[in-house]
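Inspection log for the structure reproduced underneath, given as structure tokens.
The values are calculated or read from the model by the stated rules, or taken from the named source; none is laboratory data. Every value quoted in this text rests on a predicted model; they were computed, and no experiment measured them. With ideal geometry, Cβ positions are generated from the backbone for all residues, glycine too; neighbour counts draw on all protein chains shown. Heads up: the accessible areas ignore ligands, DNA and RNA and are worked out on the full protein's heavy atoms, side chains in. Shrake-Rupley method; radii C 1.70, N 1.55, O 1.52, S 1.80 Å.
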Amino acid sequence: MLSPVPDEDGAPFWEYAGRGELRVQACADCGELRFPPRPCCPHCRSFASEWRRMSGTGRIWSYVVPHPPLLPAYAAQAPYNVIVVELTEAPRIRLVGNLVTAPDAPLDSMPPDRIRIGTKVQVVFGADGLPRWVPERP
């Protein structure tokens, strides 16, 4: 499986994810959240930043089920999903991941016909530290 290759700006995101925390970069001057991480605030042009903990909730904004798999390493798990999640506290921020049934479940654990745009989801972290999403329980 592919692992993220963090750059200097994004490294803290992956460090927090490895600890089971979903954090998003914020401008330390104007407070605007931004993703992907970058050195300068696009709103006020400040170089001051901090990392804010998010609730980890959101909703499915979009999704795709690749057929056939684009990378050979993923062939055994096809069909699997790739979802785009709009964060509850920051609707302009959208994260890409997979909808699964449990933190360490395989990518194909959620049947594609059960995925719906608008479904509320909660972030979970697998043993590899990658953020994944599960349907939010009522």
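Is any residue of the range 60-100 close enough, with backbone N under 20 Å, to a label point placed 7 angstrom from the Cα of Arg116 along the Cα-Cβ axis, and if so, which?
Within reach of a label on Arg116: 60-65, 81-88, 98-100.
Express in nm, to one decimal, how much length is gained between Val82 and Asp104 on full extension, taking 0.36 nm for each residue of separation and deducting their alpha carbon distance.
My answer for the length gained is 6.3 nm.
Name the most mobile residue of Ser55, Ser46, Ser109, meaning the one with the largest mean-square fluctuation, in a Gaussian network model of the chain with Cα contacts below 10 Å.
Of the options given, Ser46 has the highest mean-square fluctuation.
Calculated FRET efficiency, Arg19 and Trp61, Cβ-Cβ r, R0 30 Å, to nearest 0.05?
With a Förster radius of 30 Å, E is 0.70.
Going by a 4.7 Å Cβ-Cβ cut-off, which cysteines of the chain have no partner at all?
When partners are defined as cysteine Cβ atoms under 4.7 Å apart, the chain leaves Cys40 without one.
Please sort by residue number the GluC sites (Glu not before Pro) in the range 1-87 whose DSSP state is loop and whose Cβ has at most 11 other Cβ atoms within 10 Å.
Sites meeting the loop and neighbour criteria: Glu8.
So for the chain, considering every pair of alpha-carbon atoms, how many percent are separated by more than 18 Å?
Details: 5384 of 9453 pairs.
For the chain, the fraction of Cα-Cα distances above 18 Å is 57 percent.
Check which residues have an amide H placed less than 5 Å from Tyr63's amide H, if you skip close sequence neighbours.
Excluding prolines and chain starts, which carry no amide H, the hits are Val84.
Could you compute the FRET efficiency for Val96 and Ala28, with r as their C-beta to C-beta distance and R0 at 35 Å, rounded to 0.05?
0.85
Give me the compactness ratio for the range 72-138, meaning the Cα radius of gyration over 2.2 N^0.38 Å.
Working: Rg = 11.9 Å, N = 67, 2.2 N^0.38 = 10.9 Å.
Dividing the Cα radius of gyration by 2.2 N^0.38 Å gives 1.09.
Carbon-plus-sulfur fraction of the accessible area of the chain, 1.4 Å probe, in percent?
Solvent-exposed carbon and sulfur of the chain make up 55 percent of the total.
FRET efficiency for Glu136 and Glu8, Cβ-Cβ distance as r, R0 = 30 Å, nearest 0.05?
Step by step, r from the Cβ atoms, then E = 0.35.
How big, on average over all directions, is the shadow cast by the Cα convex hull of the range 1-75, in nm²?
Value for the range 1-75: 6.6 nm².
Test of understanding: extend the Cα→C-beta vector of Ala75 to 7 Å, then name every residue of the range 89-123 with backbone N under 19 Å from that spot.
Zone members listed by number: 107-108.
I'm a student and want to see the number: the projected area of the Cα convex hull of the range 1-42, averaged over all directions, in nm².
3.4 nm²
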